[in-house]
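What follows draws every value from the coordinates through simple rules; no lab data is involved. Worth saying up front: this structure is predicted, and the values here are computed from it rather than measured. Cβ sites come from the backbone with ideal geometry, for glycine too, and all protein chains shown count toward neighbours.
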Amino acid sequence: MKPRRRTRPFRKVLIANRGEIACRIIRTCRRMRIKTVAVFSEADEGALHAETADEAVAIGPAPASQSYLRIAALLEAARATKADAIHPGYGFLSENAAFARAVEEAGITFVGPPADAIEIMGDKLAAKELATKAGVNVVPGNTRPAGTAVEAASMADGIGYPVMLKAAAGGGGKGMRIAGSNADVRELFPLASGEAKSSFGDARVFVERYFPSPRHIEVQILADAHGQCISLGERECSIQRRHQKVFEEAPAPRFEPEVRRRMEKQAVALAKAVGYRSAGTVEFIVDSEGEFHFLEMNTRLQVEHPVTEQVTGVDLVEEMLRVAAGEPLRLRQQDMPRDAGWAIEARVYAEDAERGFVPSVGRIRRLTTPPTLAGNGVRIDTGVVEGSEITPHYDPMIAKVITYGKDRQTAVRSMQAALDGFYIRGPRTNVTFLAGVARTGRFEQGDLDTGFLDTEYPDGYQPPLPRGETRDVLIAVAALVQQTEESRVGPPPELQAREAVVMLGEEAVPCTVRATDGGCDVEVGDRQLAVRSTWRPGQVVFHGQVNAKSVVIQIDPAVEGWTFTHAGVTTRTLVRTPAIAALAVHMPKKTLPDRSNRLCSPMPGLVISIAVAEGDEVRAGQVIAVVEAMKAENQLRAERDGVIQKIGVKAGDNIAAEEVIAEFA
């Protein structure tokens with residue numbers, strides 16, 4: 001058991017960050033009776049983190065370069081509020097050695113590792129050299145940057161294909177490109193180098209071997225200033241898009257204990273070799289042969305840290321604060337629990353999964369999160385509320401959904417239900433995509449690798465159609481919702497059976513419905529579906545049971561009927577009498593206008609480049625333009641074959657959402 005501490009390590013902590021992570025740090029500080037100071041840009045005035053902290057200080061305009069990345073403004077805010085420590089969270093300046101040094105030189109404690117450790121591990125080449133000396137398995141490749149595309153191609157020839165072009169100062173998937181040939185390297189090197197320069201101010205790119213569809217496993221470590229370092233176990237982070245994580249879990253499924261032991265030992269060795277202090281993460285990839293290779297070390301708190309907290313019972317933010325104050329670790333390696341349950345995290349983003357995960361912006365008009373009652377195994381970490389604005393200035397993460405259970409199956413079932421009930425309207429989000437992934441057979445079985453999404457959705461993500469059990473659930477709930485709606489305007493439904501036709505999109509499903517106490521029984525072919533619920537009209541989330549199995553469905557009113565969202569499926573739903581259903585077949589269908597002759601920007605942003613010219617012939621899927629928004633470069637592709645008739649923008653233009661980029665003949 002951890003010893004109880006009555007003292008607080010700091011009196012006041014300034015959080016040099018925003019959104020979800022700022023709110024997360026505030027919660028721990030409040031429990032520890034530490035006062036907090038939030039900082040906010042003009043775009044974040046009134047944001048949840050600024051409203052939640054004990055004090056809040058404005059630090060500049062909306063662009064991060066003029067606010068959250070301004071070291072002088074952050075230090076001035078700390079001095080003005082008499083904060084005695086600064087926690088950087090993740091992102092922004094969290095892995096900036098110059099910031100860590102400036103904080104310490106100002107006489108304020110930096111809640112993180114020493115600046116030298118940040119500097120070494122932030123340089124992927126220096127980190128690779130140190131890891132090799134510390135006896136850590138590394139990815140085969142060069143330990144010096146390539147100066148030109150020709151030199152990079154020569155390096156790649158010597159390593160063997162495929163290779164990864166990787167920014168030396170990179171992270172978060174920026175400045176990374178996969179090349180399968182000498183020609184690919186020559187083409188992609190300028191892109192990787194340019195993105196590295198714009199993202200990190202450092203254009204250096206190196207080349208290393210790329211392992212197709214490996215597993216991505218990381219080890220959480222915790223070290224103090226007294227030479228002690230422990231591992232808090234591993235996390236599985238293999239489900240990714242654009243090299244950025246989508247789901248994470250602890251522990252890793254189907255992971256050999258001996259490999260885990262060696263990996264943890266090497267992670268601790270690396271941390272000691274660099275003189276680490278604070279919480280950190282050592283990332284590895286595991287190849288098809290089961291061998292692991294060092295990828296990088298993240299010298300900060302990770303986005304996915306909650307899954308480790310759930311299975312270990314350790315508050316990592318608290319431990320960071322205590323270590324920063326000079327306290328020795330309160331934990332020993334033998335104190336770390338094994339087989340202590342399972343936790344899974346899903347990242348909810350404002351993005352359009354059907355359009356290549358491009359970011360989305362707008363005001364959150366309605367937000368209903370899954371209940372997080374004590375003991376139900378659901379945790380929601382968020383930095384938004386209804387009315388919050390998702391702007392193009394920052395990362396579009398809305399929340400993290402974390403579920404915990406005694407075993408993986410329990411955690412998976414909780415995650416499926418939680419995502420089904422995470423109702424958010426305003427900007428486009430990836431909630432439906434996450435819910436669909438969580439229902440795939442491979443996810444449920446824990447068969448994971450970094451090629452997961454490409455394998456499951458080889459032609460890009462498209463929402464699944466209602467089939468099997470999901471189809472039955474939607475039919476049954478539609479019948480009950482219709483019955484409940486009718487009871488508002490007339491006498492209670494009669495108990496005798498009545499015939500109905502449930503429309504799921506364009507599919508007509510004949511069924512027999514009989515009202516019962518607390519619900520109804522629905523007969524579909526030879527299947528009997530007993531649906532029970534206390535749902536009432538106006539509630540946007542349906543909670544109930546179908547054949548005694550819990551179901552959660554999002555319900556939106558439509559012009560006729562409703563739109564149901566469940567298990568990754570979104571479908572228009574309507575219940576008709578057989579007579580009306582027969583007449584409806586003869587109604588004319590509205591034809592939507594063809595807009596495929598235009599490529600429009602799905603979000604506001606900056607045009608980085610235009611890859612075609614007027615008169616060029618293009619193929620479906622070909623890159624037309626690259627637009628930067630929300631800290632990411634987004635490739636916009638042609639939706640069909642054609643000839644470029646007109647280009648409406650140029651590189652360097654700021655464009656609005658839905659602005660026309662190109663028109664096709």
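Charged side chains reduced to their Cβ positions (Lys and Arg at +1, Asp and Glu at -1) give the range 18-108 a dipole of some 360 debye around its Cα centre. Please give the FRET efficiency for Arg338 paired with Gln244, using the beta carbon to beta carbon distance and R0 = 30 Å, rounded to the nearest 0.05. So the FRET efficiency works out to roughly 0.55. On full extension, the segment bounded by Gln66 and Ala530 gains 161.2 nm, given 0.36 nm per residue less the C-alpha separation. Principal-axis analysis of the Cα atoms of the chain puts helix 257-273 at an angle of about 40° to the longest axis.
Alpha carbon centre of the range 343-366 versus the range 124-145: separation in Å? Answer, in whole Å: 35.
Label-to-label distance for Lys650 and Glu499 is 6.8 nm, based on points extended 7 Å past Cα in the beta-carbon direction. For Val643 and Arg572, what is the calculated FRET efficiency with R₀ set at 25 Å and r taken between the beta-carbons, to the nearest 0.05? The value I calculate is 0.10.
Compute the helix-to-body angle for 149-159: its Cα long axis versus the longest principal axis of the chain, expressed 0 to 90° and rounded to tens. Result, in degrees: 90. For the chain, the Cβ-based charge dipole about the Cα centre amounts to some 1840 debye (Lys, Arg positive; Asp, Glu negative; other atoms uncharged).
For semi-axes √(5λ) of the Cα gyration tensor in Å, computed directly from the structure shown, the correct entry in (i) 44, 32, 25; (ii) 45, 26, 24; (iii) 50, 40, 21 is (i). If the segment from Asp447 to Glu291 were pulled out straight at 0.36 nm per residue, it would be longer than the present Cα-Cα gap by 54.5 nm. Relative to the longest principal axis of the Cα atoms of the chain, helix 71-81 runs at roughly 90 degrees. Look at the dipole of the range 468-584 built from charges on Cβ: of Val541, Thr516, Thr570, the Cα furthest out on the positive end belongs to Val541. For the range 519-560 versus the range 21-49, the inter-centroid distance based on Cα atoms is 40 Å. Rounded to the nearest 20 debye, the dipole magnitude of the range 370-435 is 260 debye, with +1 charges on Lys and Arg beta carbons, -1 on Asp and Glu beta carbons, and the Cα centre as origin.
Note on the chain: dipole from Cβ charges, positive end direction compared against Met587, Thr368, Ser198; the farthest Cα belongs to Thr368. Specify which residue in the list Ala476, Ile398, Val311 is farthest towards the positive end of the charge dipole of the chain, using unit charges on the beta carbon of Lys, Arg (+1) and Asp, Glu (-1), about the Cα centre. Sorting the options by dipole projection puts first Val311. With the simple model of a label 7 Å out from the Cα in the direction of the Cβ, Ser550 to Ala126 spans 5.0 nm.
Here is the list for the range 239-328: GluC sites (Glu not before Pro) lying in DSSP coil, each with at most 15 other C-beta atoms within 10 angstrom of its C-beta, are Glu289, Glu291. Averaging the Cα positions of each part gives two centres, and for the range 395-414 and the range 469-483 these lie 26 Å apart. Taking packing as the residue-averaged number of other Cβ atoms within 10 angstrom, the listed peptides 181-190, 207-216 run from highest to lowest as 207-216, 181-190.
Using 30 Å as the Cα-Cα cut-off, could you pick out the over-long pairs in Lys35/Lys406; Lys12/Lys133; Lys133/Lys174; Lys82/Lys265? From Lys35/Lys406; Lys12/Lys133; Lys133/Lys174; Lys82/Lys265, over 30 Å: Lys35/Lys406; Lys12/Lys133; Lys82/Lys265.
Between the beta carbons of Ala80 and Gln228, assuming R0 = 35 Å, the FRET efficiency works out to 0.45 to the nearest 0.05. Spin-label model, Thr563 to Cys600: label points 7 Å out along the Cα-to-beta-carbon direction sit 1.6 nm apart.
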